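Visitor: Structure provided below as structure tokens; questions to follow.
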Amino acid sequence: QVQLVESGGGLVQPGGSLRLSCAASGSILSINAMGWYRQAPGKQRELVASITSGGSTNYADSVKGRFTISRDNAKNTVYLQLNSLKPEDTAVYYCNARIRRLSLREYDYWGQGTQVTVSS
């Protein structure tokens, strides 16, 4: 019983900013890593950014210098700050978490997705 709830998507003009959040809840022992993926029309789902429990981050080349991922381990929440948005950033953004359950087994969980639209 694990849920990921996303929020923060919306419509923004090129050059604008958004902040996405994703909170995990349920029977969680620990979260080893969290990340954001996106899927644009006609494209494959791709990794945007990820962060480990220790704070190590990884970004897709297309968003380096513009997006920032962070997490609040106490709240089991991950954030994605999207700055200098471009039309090509338009996509459905999905939160992902690698979660260790009370059984000690690890599983990947996904949020429902939140739409980010960048358009003038």
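The values are calculated or read from the model by the stated rules, or taken from the named source; none is laboratory data. Owing to the predicted nature of the structure, the values given are computational and were not obtained by experimental measurement. Don't worry about glycine lacking a Cβ; one is built from the backbone with ideal geometry, like all the others, and counts go over all protein chains shown. These accessible areas exclude ligands, DNA and RNA; they are computed on the full protein's heavy atoms, side chains included. Shrake-Rupley method; radii C 1.70, N 1.55, O 1.52, S 1.80 Å.
Visitor: Take Ser25 and decide whether it is on the phi > 0 side of the Ramachandran plot and either among the polar types (S, T, N, Q) or open to solvent by 50 Å² or more (accessible area, probe 1.4 Å) (or both).
Guide: no
Visitor: Of the residues Gln44, Gln13, which single one is more than 13 Å from the chain's Cα centre (by Cα), touching a residue at least 60 places away in the same chain (Cβ under 8 Å), at negative phi and open to solvent by 60 Å² or more (accessible area, probe 1.4 Å)? Let's see the steps before the verdict.
Guide: On the way: Gln44 fails: touching a residue at least 60 places away in the same chain (Cβ under 8 Å).
Step by step, each of Gln44, Gln13 is checked, and only Gln13 is more than 13 Å from the chain's Cα centre (by Cα), touching a residue at least 60 places away in the same chain (Cβ under 8 Å), at negative phi and open to solvent by 60 Å² or more (accessible area, probe 1.4 Å).
Visitor: Okay, next question. Return a yes/no flag: does the range 17-32 have any residue that is at pLDDT 95 or above and either more than 24 Å from Asn73 (Cβ to Cβ) or of a type in the set (Phe, Trp, Tyr) (or both).
Guide: Yes; the residues of the range 17-32 include at least one that is at pLDDT 95 or above and either more than 24 Å from Asn73 (Cβ to Cβ) or of a type in the set (Phe, Trp, Tyr) (or both).
Yes or no, residue by residue, for (1) out of contact with any Asp or Glu (no Cβ under 8 Å at 6 or more places or on another chain); (2) open to solvent by 30 Å² or more (accessible area, probe 1.4 Å); (3) more than 16 Å from Ala40 (Cα to Cα):
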residue: Asn76; (1), (2), (3): yes, yes, yes
residue: Leu85; (1), (2), (3): yes, no, no
residue: Val92; (1), (2), (3): yes, yes, no
residue: Ala97; (1), (2), (3): no, no, yes
